[in-house]
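Take a look at the structure set out below.
The values are calculated or read from the model by the stated rules, or taken from the named source; none is laboratory data. Computed from a prediction, not measured in an experiment: that's the story for all the values here. As a convention, Cβ positions derive from the backbone with ideal geometry for all residues, glycine included, and neighbour counts pool all protein chains shown. The accessibility values were calculated without ligands, DNA or RNA, using every heavy atom of the protein model including side chains. Shrake-Rupley method; radii C 1.70, N 1.55, O 1.52, S 1.80 Å.
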Amino acid sequence: MSQPLRYPPADRDEVVQVLHGHRVADPYRYLEEPDADRTRAFVDAQNALSRPILDALPAREPLLAMTTALLTAPRRGVPWERGGRYFVVANPGELDQDQLFWAPSLDELLDAPTLLLDPNDLSADGTVALTGARVSPDGRLLAYAVSEGGSDWRTIRVREVAGGADRPDELRWTKWVDPTWLPDASGFLYWRYPEPAGAGRGGALTDAMGAGELVLHRLVAGSGAPQAADRAADPGPDEVIWTPPDRDWLADPWVAPDGRWLVLTSSPGTDSRSLICAHRLRTDQGRVVIDPAAVPVVGELADAHHVVGSDGDTLYLRTERDAPRGRLVAVELATDAPTAASWRTVVPQHEQDVLVSAHPARDCFALVWSTDAAHRLQVVDRTGAHRDWPALPEPISLVAVNTRAGSPEILLGVGSFTARTRSFRLETGPSITLTALPGPGGDVPLPELVTQRRRTVSSDGVEVPMTVLRRADLAPGPAPTLLYGYGGFDIALLPSFSAMFAAWVAAGGVLVVTNLRGGGEFGADWHRAGMGHRKQQVFDDLIACAQALIDSGDTTPAQLAVHGRSNGGLLVGAVLTQRPELFAAALPTVGVLDMLRFHLFTIGWAWTTDYGSPEDADDFAALLAYSPLHRLAPGTRYPATLICTGDHDDRVVPAHSLKFGAQLQHCQAGPAPVLLRVDTRAGHGMGKPARALALEYADQLAFAAAHTGLAPV
C-alpha cells in the first residue's frame, strides 16, 4: 500500500469546549451517539473500506485457519464441587458458546456428564453467552447470568440441577457481582441498577450509569419471586442489603460456608483499596436472615483487602495493610470492633514474592505466590506452617483454584504461554498428592517454542521485565515482532494461553509480553507507580521495551507491531501518538482513547481511581498531556493502524475508537493505512462466538503481518 488511502468523508463539526481554561476541539462528538444516522453511516462506510482490504491480506487465510483451529478445538474448564455434585464448563469445539455440565462424581463429570445449560439454545446467532454460574451450597440450584451481544448487562435466572427446569425468577439490569447464595439456599445476593432511562432508545449502551445496590433475592417455594420484591421491607422476604454512599461505590458479598457471617467488601469504582464490614447471619422461622448491625473490620480506605475464608468467628483476609506484597491475617469478629492492631499474621509478607491469593481447604490453605510474574502454589496448615510446594509446571499462571473449606480436594487450572489450560486434582489429606486430570483431546499441534525472560531499564532507571517467545527452529535475529502490554488497574499479565498469540508465534513471528507499571505483577507499589499523574510512566515502560528490542537486534521499527486491549488499547494509542516512528503497525482494540470524556459514559466514572478525573484541574492537565485522541497532530506520519471495537461495547463505548479513527485518518500524512473494524452484535469481548473471535484475530494478525513483513512459515 504505497499510496495513501482515500478515506470515507466524515463530517467535522465546529464543537469547541473550554475545560479548565483550555479550548478543546471535538469535531467528531456526534459519533458518541451510537444509533444516530451519521454514526451508522460512518460505521458502515468504515467497514466497507476495511473489509475488502483485510480480506485480501496475503497471510489472512493461513492465519484464519490457525485461529479457527485453536478456538474451535475441544475445550474444558476447571471443575468445581458443590453439595457433592461436580460441575464444569466445556465445549466439544464447534459450538459458539460453552455449555455447562454436571455429574454426581468427578470421574462421571469427565467421562459422561449431564448437560445442565446450553447457551447456544438461547439465540440464533450465538451471541447470548453464559457470563456467571453459581451453584447453591447444597448443589440443588444453579443461579446463572446471561448476556446478549457482548453487553455487560446481565439477566439472572435460576435452574433446578436435577431436573434442568428453570424457575420463574428473572432478574434484569444486573452487573459485576455473581449471585452469592445464602447458606440455606433460600436466596442469593446480587448487584442491580435501576432500568436505564435510555433503555428503549439504545441509550443503555452509552449513558452514564447511576448508583447500584446490593439486593437479597428470596426464592419462593414452587414459584420464584419477582424482581420487584427485591426492595427494602420491614419485615419482608426481600431487601436491599447495602446502598452505596456515592455512585462510585460497589460492594462484593461473601457468605461463610458455616452460615455465621456475611462479609461485604466495598470500594469506589475500580479502586483496589477497600473497606470491609461483617454482618451476623441467624435463623428466624426456619430461614437465614441478615443482622443489620455491622461489625467494622476495615474502616479506612488505604489498602487492598480480600476475604479468604473463616473458622467460626475468625475471618481470614489477604491484605496489603503494612504489606504491599500481601500477607494472610486472622481477624476475630467476636470483638465489637476488631482493629488492625489486633490482627494476627498467619503468613507474613515475603521479601520478594507477591501473595496473590489464599484458598481454604480442610485444615489448610492453598497459597498462590507470584514470582517474577509467574505463579507457584504452596500448601500451608491453618497456622501458616509450610506443608508442600506441589510440583506444577513452570512458568505458569493458576487460572483457577477451586476449593471447599471442609474438603481436602483442590481442583486447579494451570495456564502457560505455550499450552492451553490443564486441570489438576490436589489431595491435601495426611499426604499431599497431585494428579493431572485428562483433557478433552483434540489439541492443535504447535511447533516447539522457546521462552526467554528479559529486562530493560525504563525512563526513570527502574527495570521493566518482559517475556519473549519464538519458534525454537527459527534463528535469532531481527524478526517481525508483536509487542503486547496492559499496565493498569492492578491487573497482572501472566503466562496464559492465547489463540491469537499462539497463531502469531506458530506463523514465525516473535511475541513479547511486557509487565509494565500500573499492573499487579509485583504488588501495590508497582501498581501505584503507574496510576493517576504517574500514568505516563506506563507508556515510558512500553517505549523502553520497544527500544530495547530494537537495540538488541531482535527486531527493527519496520518489523514491530504493538497491540493492547481496553486499558491496553489506551497504551497503544498513547505510544503510537508519542513515538510513531518506533512502530510499523498498531492494533488498539476496544481502547480508552478520549481521556477527557471517558467518565461520561456507562461505567467510565469508575476508572477515575486509576486515571484521575477530568473534572479535577490537576488531573485534567495530566490526562490532556497523553490523551491519544488529543495528541494526534495533522501532518504526522503514523504507523499502519487497525482500530477494532464492537458496536455493543457498553464498557468502553465505541465512540472512543470511532472518534480516534476519524481523527487519525484526518491527521495521517504517510501512506500507511488507518482502518476501523467495527463488529456488530459484539461488545467488549465477553461472550463473543469462537468463530467470530477467530475472524477478529485473523484480521489483526494478517494486518500486523502485512506491515511487519511476516510471511507465515
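Here are some notes:
- Residue match in segment 240-258 (condition: at pLDDT below 85 and not charged (D, E, K, R)): no
- Residue match in segment 501-510 (condition: among the aromatic types (Phe, Trp, Tyr) and open to solvent by less than 20 Å² (accessible area, probe 1.4 Å)): yes
- Residue in segment 529-546 that is touching a residue at least 40 places away in the same chain (Cβ under 8 Å), closer than 23 Å to Ile396 by Cα and open to solvent by 30 Å² or more (accessible area, probe 1.4 Å) present: no
- Criterion: buried (at least 21 other Cβ atoms within 10 Å of the Cβ) and touching a Cys at 6+ places or on another chain (Cβ under 7 Å) - qualifying residue of Thr589, Thr608, Thr602, Thr555: Thr589
- Candidates Leu54, Leu100: the one that is under 28 Å from the mean Cα position of the chain (by Cα), within 30 Å of Ala185 (Cβ to Cβ) and open to solvent by less than 20 Å² (accessible area, probe 1.4 Å) is Leu100.
- Test for Trp526: is it touching a Gly at 6+ places or on another chain (Cβ under 9 Å) and either modelled with pLDDT of 95 or more or hydrophobic (A, V, I, L, M, F, W, C) (or both): yes
- Beta carbons closer than 6 Å, at least 6 apart along the sequence or on distinct chains, pair a first residue in segment 451-462 that is closer than 21 Å to Arg534 by Cα and part of a loop (DSSP other than H, G, I, E, B) with a second that is modelled with pLDDT of 95 or more and of a type in the set (D, E, K, R) for Ser458/Asp540; Ser458/Asp541; Ser459/Asp540.
- Members of segment 262-291 found to be among the small types (Gly, Ala, Ser) and part of a strand (DSSP E or B), listed by number: Ser266, Ser267, Ala278
- Each residue in segment 74-104 was checked for being modelled with pLDDT under 95 and hydrophobic (A, V, I, L, M, F, W, C), and 1 of them qualify.
- Qualifying residue in segment 113-130 (condition: at pLDDT 90 or above, surrounded by 18 or more Cβ atoms within 10 Å (Cβ to Cβ) and touching a helix residue (DSSP H, G or I) at 6+ places or on another chain (Cβ under 9 Å)): yes
- The residues of segment 373-383 that are part of a loop (DSSP other than H, G, I, E, B) and either open to solvent by 20 Å² or more (accessible area, probe 1.4 Å) or of a type in the set (D, E, K, R) (or both), listed by number, are Arg382, Thr383.
- Taken over segment 170-186, residues that are open to solvent by less than 10 Å² (accessible area, probe 1.4 Å) and either touching a Cys at 6+ places or on another chain (Cβ under 7 Å) or at positive phi (or both) amount to 1.
- Residue match in segment 262-276 (condition: among the charged types (D, E, K, R) and more than 29 Å from the chain's Cα centre (by Cα)): no
- Counting only strands (runs of 3 or more DSSP E) wholly contained in segment 541-653, the ones carrying 1 or more residues that are out of contact with any helix residue (DSSP H, G or I) (no Cβ under 7 Å at 6 or more places or on another chain) and closer than 24 Å to Ala692 by Cα occupy 560-565, 640-646.
- Matching residues in segment 440-462 - criterion: being over 25 Å from Gln547 (Cβ atoms) and surrounded by 12 or more Cβ atoms within 10 Å (Cβ to Cβ): Pro440, Gly442, Asp443, Val444, Leu446, Pro447
- So Ala304, is it small (Gly, Ala, Ser) and touching a helix residue (DSSP H, G or I) at 6+ places or on another chain (Cβ under 7 Å): yes
- Hits in segment 391-417 (condition: closer than 23 Å to Val88 by Cα and not hydrophobic (A, V, I, L, M, F, W, C)): Pro393, Ser397, Asn402, Thr403, Arg404, Gly406, Ser407, Pro408, Glu409, Gly413, Gly415, Ser416
- Taking each residue of segment 1-22 that is over 19 Å from Leu49 (Cα atoms) and in a loop (DSSP other than H, G, I, E, B) and looking for partners that are charged (D, E, K, R) and modelled with pLDDT of 95 or more with beta-carbon atoms closer than 6 Å, six or more apart or interchain, yields Val15/Asp26; Val15/Arg29.
Here's the yes/no breakdown for (1) in contact (Cβ under 8 Å) with a residue 40 or more places away in the chain; (2) open to solvent by 20 Å² or more (accessible area, probe 1.4 Å); (3) farther than 28 Å from Leu426 by Cα; (4) in contact with a Ser or Thr (Cβ under 7 Å, 6 or more places away or on another chain):
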| site | (1), (2), (3), (4) |
| --- | --- |
| Ala304 | yes, no, yes, yes |
| Asp311 | yes, yes, no, no |
| Ala323 | no, no, yes, no |
| Ala334 | no, yes, yes, no |
| Ala340 | yes, yes, yes, no |
| Trp343 | no, yes, yes, no |
| Val347 | no, no, no, no |
| Asp363 | yes, yes, no, no |
| Ala366 | yes, no, no, yes |
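- Residue list for segment 411-431, filter: under 19 Å from Ser357 (Cβ atoms), without any contact (Cβ under 8 Å) to a residue 60 or more places away in the chain and in contact with an Asp or Glu (Cβ under 8 Å, 6 or more places away or on another chain): none
- Considering residues of segment 52-90 that are free of Cβ contacts under 8 Å to residues at least 12 places away in the same chain and in a helix (DSSP H, G or I) only, the residue farthest from Pro113 (Cα to Cα): Pro52
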